[in-house]
Amino acid sequence: MRPVLEATDISVKLGGVQILSHLSIQIERGERRAIVGPNGAGKTTMFNVLTGVLRPQEGRVALLGRDVTRWDVSRRANCGMGRTFQITNLMHSMTVEENVVLALAASLPVRRDLFRPLASRGLDRPASELLDRWGLGDRRHAPVHALSYGERRELELVLAVAGEPAVLLLDEPAAGLSPTETARVCELVERLPRETSIVLIEHDLDMALALSDTVTVMSEGSIRGTGSADDPAISALVEDVYIGGTAEQEDADVAG
């Protein structure tokens, strides 16, 4: 069976700086993978390549066996990819339910009624059911700007799964959250359908390891190793890149 998501020999140079160097990674169907490494390791740049935000100078990206290297973000999303961001990416002046309706509408095939008002497309009920299922039903009529930061992160997860993606990339879903809010986000991630592959960047190592089957360790734009979350060799490698000499290479925010 082909990997659900695959990057092969990816290289990215930004502003004359080599951010990723001949990086390759495979994500299997239903796998839960954590990508860990210090600031400047290249994690977010890799996410941007995988999702179509950034095109690599070298290499290839395949989604569900199709070469998507030159596809933009929306086309990859329509082909089965979801993503959350370090900073919430929501329509703050709209209600929670309206945000979900928009996400559901975006996941539908392009039709002749593309420009019909959202209210006439019959998406209110599925949006309401989705919010009830994920524990945000009591906030459906609240404007997004009235939500707590933790609730916004929860809503972003709901939007990401609205289109039932084959693979979901989570970019620091616990960033800026309190311990209570982090626990709630962990619970939501654990409830995601097992058939959905998950790729997770998270600086909270305890959270990343708890939510993942497999861990990939990055530093200086390359993959240092991949293995089981409970593999002692992977634990030693994580300690090395965070505490050893490579942990001092925290000089490129753009590289993630």
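The values are calculated or read from the model by the stated rules, or taken from the named source; none is laboratory data. What you are looking at is a predicted structure, and each value in this text was computed from that prediction instead of being measured. All Cβ positions, glycine included, derive from the backbone under ideal geometry; neighbour counts span all protein chains shown. In case anyone asks, the SASA skips ligands and DNA or RNA and just uses the protein heavy atoms, side chains included. Shrake-Rupley method; radii C 1.70, N 1.55, O 1.52, S 1.80 Å.
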Quiz item: Hey, any hits in the stretch 217-228 for a residue that's at pLDDT 90 or above, within 24 Å of Arg55 (Cα to Cα), in contact with a Lys or Arg (Cβ under 7 Å, 6 or more places away or on another chain) and not in a helix (DSSP H, G or I)?
Solution: yes
Quiz item: Counting only residues that are out of contact with any strand residue (DSSP E or B) (no Cβ under 7 Å at 6 or more places or on another chain) and either aliphatic (A, V, I, L, M) or closer than 22 Å to Ala160 by Cα (or both), how many does the stretch 211-241 have?
Solution: 1
Quiz item: Can we say Gly137 is modelled with pLDDT of 85 or more, on the phi > 0 side of the Ramachandran plot and either among the small types (Gly, Ala, Ser) or open to solvent by less than 20 Å² (accessible area, probe 1.4 Å) (or both)?
Solution: no
Quiz prompt | Test result for Leu50, open to solvent by less than 60 Å² (accessible area, probe 1.4 Å), within 29 Å of Ala146 (Cβ to Cβ) and under 17 Å from the mean Cα position of the chain (by Cα) | solution = no
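Give the residues of the stretch 1-19 that are closer than 19 Å to Trp71 by Cβ, in a strand (DSSP E or B) and either open to solvent by less than 10 Å² (accessible area, probe 1.4 Å) or among the β-branched types (Val, Ile, Thr) (or both), sorted by residue number.
Those that are closer than 19 Å to Trp71 by Cβ, in a strand (DSSP E or B) and either open to solvent by less than 10 Å² (accessible area, probe 1.4 Å) or among the β-branched types (Val, Ile, Thr) (or both): Leu5, Ala7, Thr8, Ile10, Ser11, Val12.
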Quiz item: Going through the stretch 165-208 one residue at a time, which ones are among the acidic types (Asp, Glu) and open to solvent by 40 Å² or more (accessible area, probe 1.4 Å)?
Solution: Glu181, Glu187, Glu190, Glu195, Asp204, Asp206
Quiz item: Just checking, which of Leu205, Leu192, Leu177, Leu209 is under 15 Å from the mean Cα position of the chain (by Cα) and not β-branched (Val, Ile, Thr)?
Solution: Leu192
Quiz item: Quick check: anything in the stretch 190-210 in contact with a strand residue (DSSP E or B) (Cβ under 7 Å, 6 or more places away or on another chain), part of a helix (DSSP H, G or I), modelled with pLDDT of 90 or more and not polar (S, T, N, Q)?
Solution: no
Exercise. Inspect all residues belonging to the stretch 62-79 and state whether any of them is in contact (Cβ under 8 Å) with a residue 60 or more places away in the chain, assigned to a loop (DSSP other than H, G, I, E, B), under 22 Å from Leu155 (Cα atoms) and small (Gly, Ala, Ser).
Key: no
Quiz item: Within the stretch 150-164, which residues are under 12 Å from Leu104 (Cα atoms) and open to solvent by 10 Å² or more (accessible area, probe 1.4 Å)?
Solution: Leu159, Ala160, Val161, Ala162, Gly163, Glu164
Quiz item: Looking only at the stretch 80-125, which residues are over 29 Å from Lys43 (Cβ atoms), open to solvent by less than 70 Å² (accessible area, probe 1.4 Å) and either at pLDDT 65 or above or assigned to a helix (DSSP H, G or I) (or both)?
Solution: Met94, Thr95, Val96, Glu97, Val101, Leu104, Ala105, Leu108, Leu118, Ser120, Gly122, Leu123
Practice problem: Give me a count of the residues in the stretch 182-216 that are touching a Lys or Arg at 6+ places or on another chain (Cβ under 7 Å) and free of Cβ contacts under 8 Å to residues at least 40 places away in the same chain. | Solution: 1
Practice problem: Show the residue pairs that are 6+ apart or on different chains and have beta-carbon atoms under 6 Å apart, the first residue being within the stretch 32-61 and part of a strand (DSSP E or B), the second being of a type in the set (Asp, Glu). | Solution: Arg32/Asp213; Gly59/Asp9
Exercise. Name, by its number, the condition in (1) touching a residue at least 24 places away in the same chain (Cβ under 8 Å); (2) exposed (fewer than 15 other Cβ atoms within 10 Å of the Cβ); (3) in contact with a helix residue (DSSP H, G or I) (Cβ under 9 Å, 6 or more places away or on another chain) that does not hold for His22.
Key: (3)
